[in-house]
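Everything on this sheet refers to the single structure shown next.
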Amino acid sequence: MSVKLIMLVIFFGIMIAVGVMSRKHASSVTGFVLGGRNVGPWLTAFAYGTSYFSAVVFVGYAGQFGWKYGLASTWIGLGNAFLGSLLAWVVLGRRTRIMTHHLQAATMPDFFGKRFDSHALRIAASAIVFIFLIPYTASLYNGLSRLFGMAFDIPYSVCVILMATLTGIYVILGGYMATAINDFIQGIIMIFGIIAVIGAVLAGQGGFMNAVKSLSQLSSDVPATLGQPGAFTSFFGPDPLNLLGVILLTSLGTWGLPQMVHKFYTIKSEKAVQTGTVISTVFAVIISGGCYFLGGFGRLFDGAGIYTAEGAVAYDAIIPAMLSTLPDVLIGIVVILVLSASMSTLSSLVLTSSSTLTLDFIKGNIAKNLSEKKQLLLMRILIVFFIAVSVILALDPPTFIAQLMGISWGALAGAFLAPFLYGLFWKGTTKLAVWASFITGVGITVANMFFKFIASPINAGAVAMVAGLIVVPVVSLLTPKLNKQKVDQIFTCYDEKVSVKQKIALPDDQQAERK
């Protein structure tokens, strides 16, 4: 117990120290929200990755989808790495940094407002962010309850309040820069932690080959396999179609999440984009691939402890059951790992929520003349507010909040992904097309919560994203275009010439000589 407590004290001490040291970067709105758009590749890549993968992934999703799909759930982690990280950086990274800097946009609602010349769009987008990020924030605490119950005699409520308070302190002190530096530290912990945990769990099952052999023998008595022998060790698992839906939402969904896209706003340079792409992808392969790979062995730990009183599988209990037999030091590492994952994502969410509400909703609407000093103060107050609300919901979550948590990712990605992507690349995207995407994305996911026309809320979110990608170009072709002169002026940011080294591009005359 003393070893685990010492590890926690050191961890929390480092987080607070980073917040104190980062105060000089948080003296302006741009510095507090964007780190002065001067964040290097390692910090940006780790900020992206740690915001992506939280305790929800490690405890909830890894347990749930590992149980349903077996080792094939590893595809979810690989999809997160190559679609949600690599492709997102390649497609969105550079263009997002260029256009948001040109528009002087600090948030995603700010981007919609300035790109499509619509104050109403900006307010609507900020409302969507506010409504759907709070339940998502509350969900971050869920994975901690069972782990802390297993590792300490500390009540869950104390753990939640302590984690929220410490996260709030370093975000309020240092803003985005403190968040990015702590994300980097937490990311390193997550990498070593997941590798150590996978090794220990497999060793407890007699090694990798023996664990796979045991898993392959689960078939005829498990309804999910439809009688297929070895379904849980097969290439695509027992349910490939639903597995694909999970991959799409958890991978492509990040392209439309404001707290993820926000990381591209802060990139320092071209080198940071290139290096960050590689680092972010490798990080995702290790963390997400490792989490879902570990979860794939969940059925080997089938026992009374993972079932509810009604006999249903409690997916959040699967990973803790796998870890309960580990040595104390490893359990301490796991607790720090999950705390790191949760605090990094929590800091990103509350910073996104507070900055969006301040800059896109209150400033210019409720408070017409809001000085920079007052904006900073208001954002810090709102960080406290968002954390307090998330703690209240996490301590006593009502049913509708639990439902809302399941659809928040789908609603945000369904509403924002298509108009943001088309807005970066296509001059023909119209204002009404953005409205159509907002209505379609939120409408599909919320309606499905009540009417259940799609069995899985995750698949509903995937449908909402695909629908947006179709709706935006169709509506754009049928509705009035934006002012051509204004749109052309916005897209001139891509045409500005920059000087590069010859190892990147040859001068025109040398290129001609080589032809």
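A short reminder: the numbers here are calculations on the coordinates, not readings from a lab. In this text, all values refer to a predicted model and were calculated from it rather than measured experimentally. Note: ideal-geometry Cβ built from the backbone for every residue, glycine included; neighbour counts use all protein chains shown.
Observations, loosely collected:
- Its residues counted as N, the chain yields a C-alpha radius of gyration over 2.2 N^0.38 Å of 0.97.
- Fraction in percent of alpha-carbon pairs per bin - 10 Å, the range 255-365: 11, 27, 29, 21, 10, 2
- Taking 0.36 nm per residue of separation and subtracting the current Cα-Cα distance, fully stretching the chain between V466 and S269 would add 67.7 nm.
- Size-normalised alpha-carbon gyration radius of the range 48-205, reference 2.2 N^0.38 Å: 1.26
- Shape call, the range 287-349: gyration tensor on alpha carbons, a/c limit 1.5: prolate
- DSSP H segments from the chain that extend 18 Å or more along their own axis, Cα-based, with Kyte-Doolittle mean of 1.0 or above: 2-21, 119-139, 156-204, 270-295, 328-356, 372-395, 399-425, 431-451, 457-478
- With bins 5 Å wide beginning at 0, the percent of Cα pairs of the range 224-282 falling in each bin runs 4, 14, 15, 15, 13, 10, 10, 8, 6, 3, 1.
- Environment charge at K374 (Cβ cut-off 14 Å; Lys +1, Arg +1, Asp -1, Glu -1): +3
- Size of the range 16-134: Rg and Dmax of its alpha carbons, in Å, are 17.7, 49.
- Ratio of Rg to Rh over the range 301-416 (Cα coordinates, Kirkwood Rh, two decimals): 1.11
- Label-point gap, in nm, between A196 and H119 - each point 7 angstrom along Cα→Cβ: 5.5 nm
- Electrostatic dipole magnitude of the chain [Cβ: Lys, Arg +1; Asp, Glu -1; Cα centre; debye, to 20]: 1580 debye
- Cα gyration tensor shape of the range 356-491, rounded if a/c is under 1.5, else prolate or oblate by comparing a/b with b/c: oblate
- Once the chain from V474 to W42 is taken as fully extended at 0.36 nm per residue, the excess over their C-alpha distance is 151.6 nm.
- The order of the peptides 440-447, 317-324 by mean Cβ neighbours within 10 Å, most packed first, is 317-324, 440-447.
- Most positive-pole-ward Cα, N80, L243, F450, against dipole of the chain from beta carbon charges: N80
- For N210 and F236, a Förster radius of 25 Å and the Cβ-Cβ distance give a FRET efficiency of 0.60, rounded to the nearest 0.05.
- FRET efficiency, 1/(1 + (r/R0)^6) with R0 60 Å, evaluated for V158 and T492 via beta carbons: 0.65
- Using C-alpha pairs under 8 Å with a sequence gap of at least 6, the mean separation divided by the residue count of the chain gives a relative contact order of 29 percent.
- Placed amide H near Y307: partners under 5 Å, 5+ positions off or other chain: A314
- Each residue of the range 1-51 gets 95 Å³ once the volume of the Cα convex hull is shared out per residue.
- Spacing of the two label points (7 Å from each Cα toward its C-beta) at F425 and D328, in nm: 5.5 nm
- Stretchable slack from N483 to K374, in nm (0.36 nm times residue separation minus alpha-carbon distance): 35.8 nm
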